[in-house]
Amino acid sequence: MNTVQDQSPITPLAIWALILGIASLVFCCLPLAIPAIICGHLARSRIEQTPAAASGRGMAMAGLIMGYVSVVALILACILGIITAMTIPAIIKMWSDTPRNECRGNSGQCQVAITNQQGGGL
Amino acid sequence: MTEGKVDVKFGEWIQQGWELYKANIGVWIVASLLAIVISVATLGILSGPMMAGLVWMALVLVDRKEPKPQMGDVFKGFDYFLQSFLFFLVWGVIMLAISVVSLIPCVGTLVVIVVSIVLHTALMFGLFLIVDKKMEFWPASMLSLNVVKPNFFPFLGLLVVAMLIGHVGAIACGIGVIVTMPIAVCILAVAYRNVFGVQAAA
């Protein structure tokens, strides 16, 4: 039985795709994710063209997946950031307006009470 | 391939696994460090291929093949990237879905623990089959389940012992797992080779 695969050398593009993919996830960096995706695609096409001369399909696919995961994660982080940036000022404004509104409400109630008192006195 | 009753030889397999580990301790520690660091750094995406790399190394040692595996051979797991990735992804998602049950008070956590142990035992040879017989992840999972089913409790005992040994390093702030995890892989590799036998050379 032979568990060891005798293979052609791993294409450097596949190794680069893997390294850049890992780095893009670790550093959450778009400029690393895009090269990882490009290297992954190039490595895969090179392996498909010359399967006898180049291997590393798994590494290329790993680089591709991590590159895409990084891009999606960064897009989601951007959307979340924009939503947060839009909602937080409104929430702060609402909180800061709350005591003022309460004060206005209380003043109104006092005014009504005074009016009623004066009306009753007469 | 064995799908009937199997004689689980605890002492013998653990002894052989330990010998395999002891003879190549330096290679195992570095390979395990690489596997754990890369798995954690990639949020678990590369856990499958990195574990497949460790399994590949253990099987080469069990089969006494030359040349002996080197620390860089942990990256051989990428030859089985898709199937090992899917194996971890699919079963991970299933476990995550099951863990929702833990929200049920009292019984929920207990149910999740029991199901988790049963699943781990049933799938204990899944990754070995993917690496050794180059099977796809689902048939490998089902074959592992079929072999473990008639011998569930002996295999459960073996897995518990292997996992206890493998995770005892976690006591040292988790760092010790780097040293002890390969012991569990070696024990399970010896068990796998005894249960499934040696495949005829292609």
Per-residue HN-Hα couplings for the stretch B:26-41, Karplus 6.51 cos²θ - 1.76 cosθ + 1.60 at θ = phi - 60°, whole Hz, x for Gly and Pro? x, 4, 5, 5, 5, 4, 5, 4, 4, 4, 5, 4, 5, 4, 5, 4
Under 5 Å, built H, 5+ apart or other chain: amide partners of A:SER55: A:ILE10, A:THR11
Cα extents of the protein assembly as shown along the principal axes, largest first, in whole Å, come to 111, 50, 35
Limiting things to C-alpha atoms, what are the Rg and the maximum Cα-Cα separation (Dmax) for the stretch B:1-156, in angstroms? 16.7, 54
Where labels lie 7 Å past Cα in the beta-carbon direction, separation of B:LYS9 and B:ALA41 in nm: 4.1 nm
Neighbour-count ranking [beta-carbon atoms within 10 angstrom, fewest first] of B:MET163, A:MET59: B:MET163, A:MET59
Count of lysine pairs in the protein assembly as shown with Cα atoms under 30 Å apart, counting only pairs 8 or more residues apart in sequence or on different chains? 26
Which peptide among A:15-25, B:118-128, B:142-152 comes first, and what is the full order, when sorted by highest mean count of other Cβ atoms within 10 Å? A:15-25, B:118-128, B:142-152
Is it possible to state the helix-based mean residue ellipticity at 222 nm for chain A, with each DSSP H run of 4+ residues giving -39500 (n - 2.57), the sum divided by total residues, to the nearest 500 deg cm²/dmol? What is it? -30000 deg cm²/dmol
Just to be sure I understand: with springs between alpha-carbon atoms less than 10 Å apart, which residue in B:GLY174, B:GLY53, B:GLY44 has the highest mean-square fluctuation in the Gaussian network model of chain B? B:GLY174
For the stretch A:12-117, the fraction of alpha-carbon pairs in successive 5 Å shells from zero, as %: 2, 13, 14, 11, 8, 7, 6, 5, 5, 4, 4, 4, 4, 4, 3, 2, 2, 1, 1, 0
With each label point set 7 Å from Cα along the Cα-Cβ vector, what nm distance links B:SER99 and A:VAL71? 2.9 nm
Proxy reagent accessibility, fewest Cβ within 10 Å first, across B:VAL177, B:VAL74, B:VAL168: B:VAL168, B:VAL177, B:VAL74
At a 10 Å Cβ-Cβ cut-off, how would you order A:MET94, B:MET135, B:MET181, A:MET61, fewest neighbours first? A:MET94, B:MET135, A:MET61, B:MET181
Counting only helical runs of four or more DSSP H residues, what would the 222 nm mean residue ellipticity of chain B come to if each run contributes -39,500 (n - 2.57) and the total is spread over all its residues? -22000 deg cm²/dmol
Reduced Cα scattering model of the stretch B:78-202, Debye log10 I(q)/I(0), q = 0.09, 0.11, 0.16, 0.18 Å⁻¹: -0.29, -0.43, -0.92, -1.13
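Read-outs: derived from the displayed coordinates by stated rules, not from any lab. What you are looking at is a predicted structure, and each value in this text was computed from that prediction instead of being measured. Note: ideal-geometry Cβ built from the backbone for every residue, glycine included; neighbour counts use all protein chains shown.
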